[in-house]
Amino acid sequence: MCGTMVSFSIMGSDEKEYKWIAAKSIKAIIKKIKNQSKQDIVIYEIKRNITYEDFIKFIEKIYRK
């Protein structure tokens with residue numbers, strides 16, 4: 001199943017977070033992230049049609065550095 005990978009941070013924080021969301025529309029993606037974090041967010045990057053397995057590989061690669 002493909003979804004969307006989003007990199008974002010909570011307003012006022014420099015730490016980037018990454019989420020994989022099974023949604024395609026930008027409005028639905030932002031709504032899901034804001035509902036989970038309950039704070040304003042800054043979105044850096046949106047990549048569509050990413051499988052969950054590819055997302056996990058990407059996260060593992062980031063944290064191995």
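Here is the list for the range 2-62: trypsin sites (Lys or Arg not before Pro) lying in DSSP coil, each with at most 10 other C-beta atoms within 10 angstrom of its C-beta, are LYS38.
Which value, in debye to the nearest 20, describes the size of the charge dipole of the chain about its Cα centre when Lys and Arg Cβ atoms bear +1, Asp and Glu Cβ atoms bear -1, and nothing else is charged? Don't skip to the answer; put the middle values down first.
Working: 14 positive and 8 negative charges, 44 e Å.
For this selection, approximately 220 debye.
Counting helices only, and only those DSSP H runs with n ≥ 4, report the 222 nm mean residue ellipticity of the chain as the sum of -39,500 (n - 2.57) divided by its residues, in deg cm²/dmol to the nearest 500. Show your work: numbers first, answer last.
Details: 2 runs with 25 residues, N = 65.
The helix-only estimate for the chain comes to -12000 deg cm²/dmol at 222 nm.
Take the Cα of TYR44, step 7 Å toward its Cβ, do the same at MET11, and the gap between the two points is 1.9 nm.
I want the local charge near VAL42. Using Cβ-Cβ distances under 13 Å, sum +1 for each Lys or Arg and -1 for each Asp or Glu among the other residues.
Numbers: positive: LYS16, LYS34; negative: ASP14, GLU15, GLU17, ASP40, GLU45.
Local charge sum for VAL42: -3.
Here the gap between MET1 and SER37, fully extended at 0.36 nm per residue and compared with their Cα-Cα distance, gives a gain of 10.5 nm.
Can you give the net charge of the other residues whose Cβ lies under 13 Å from the Cβ of ILE10, counting K and R as +1 and D and E as -1?
On the way: positive: LYS16, LYS19, LYS34, LYS38; negative: ASP14, GLU15, GLU17, ASP40.
Taking every Cβ under 13 Å from that of ILE10, the sum is 0.
Listed options for percent of Cα pairs over 20 Å apart are (1) 38; (2) 25; (3) 63. The value calculated from this structure is the one marked (2).
Read-outs: derived from the displayed coordinates by stated rules, not from any lab. All of these numbers come straight from a predicted model, not from anything done at the bench. Counting neighbours? That spans all protein chains shown, and the Cβs are built from the backbone with ideal geometry, glycine included.
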